[in-house]
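Written below as structure tokens is the structure these notes are about.
The values are calculated or read from the model by the stated rules, or taken from the named source; none is laboratory data. Not measured: the values here are computed from a predicted model. Backbone-built Cβ (ideal geometry, glycine too); neighbour counts: all protein chains shown.
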Amino acid sequence: MDVRYCQLTVYFEKPFWVGLFECIDNGQLSVCKYTFGPEPKNHEVLDVVLNQFIFLPFSEAMVAEEKVKNRMNPKRMHRAINRQKKQPAIGTKSQQALQAQRELRKTERKKNSKKAKEAFKATQFRLKQEKRKQKHKGH
């Protein structure tokens with residue numbers, strides 16, 4: 001069963017407005033956090049969804065339970081929406097996915113910085129060796 005949908009939740013996380021994209025594809029949840037800055041207008045949110053969505057760095061897919069969509073009575077739906085407004089914006093699965101994404105970025109950053117340090121040390125060592133050779137060439 002191929003179920004695919006994305007949900008955008010915009011909420012205020014001091015001092016910025018943040019958008020949380022949650023995508024479920026075949027029971028796999030992947031999330032991305034986008035910082036808007038000051039309170040976004042509708043056209044700014046639409047611009048992010050239409051133009052920048054494909055460039056967003058989503059987390060690795062995690063197993064998620066599928067939500068079953070049933071047709072609801074409009075009054076009941078309105079009450080459910082009001083209940084959701086009172087709840088915190090981020091769900092626990094989304095928080096876990098964001099944390100995993102942060103950890104992954106952290107390890108990648110460490111690997112890259114280690115490679116850069118080693119390359120810098122190698123070039124410094126090479127320059128030092130060349131300088132020593134230059135000193136001894138004339139004698």
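Results for (1) at pLDDT below 85; (2) surrounded by 11 or more Cβ atoms within 10 Å (Cβ to Cβ); (3) of a type outside the set (Gly, Ala, Ser), shown as yes or no for each residue.
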{"site": "VAL10", "(1), (2), (3)": "no, yes, yes"}
{"site": "LYS14", "(1), (2), (3)": "yes, no, yes"}
{"site": "GLU22", "(1), (2), (3)": "no, yes, yes"}
{"site": "THR35", "(1), (2), (3)": "no, no, yes"}
{"site": "PRO38", "(1), (2), (3)": "yes, no, yes"}
{"site": "ASN42", "(1), (2), (3)": "no, no, yes"}
{"site": "LEU46", "(1), (2), (3)": "no, yes, yes"}
{"site": "ASN51", "(1), (2), (3)": "no, no, yes"}
{"site": "PHE55", "(1), (2), (3)": "no, no, yes"}
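What residue, of ALA100, ALA116, ALA80, is among the small types (Gly, Ala, Ser), under 26 Å from GLN7 (Cα atoms) and modelled with pLDDT of 85 or more? Don't jump to the end; show me each part of the working.
On the way: ALA100 fails: modelled with pLDDT of 85 or more; ALA116 fails: under 26 Å from GLN7 (Cα atoms).
Answer to the check: ALA80.
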note = Selection over region 69-126 where residues are out of contact with any Leu (no Cβ under 7 Å at 6 or more places or on another chain) and not in a helix (DSSP H, G or I) yields a count of 8
task = Give region 40-59 a look and list any residue that's farther than 14 Å from GLN7 by Cα and free of Cβ contacts under 8 Å to residues at least 24 places away in the same chain, or say none.
result = LYS41, ASN42, HIS43, GLU44, ASP47, ASN51, GLN52, ILE54, PHE55
request  = Among residues belonging to region 76-127 that are small (Gly, Ala, Ser) and under 30 Å from GLN28 (Cβ atoms), point out the one that is surrounded by the fewest Cβ atoms within 10 Å (Cβ to Cβ).
outcome  = ALA80
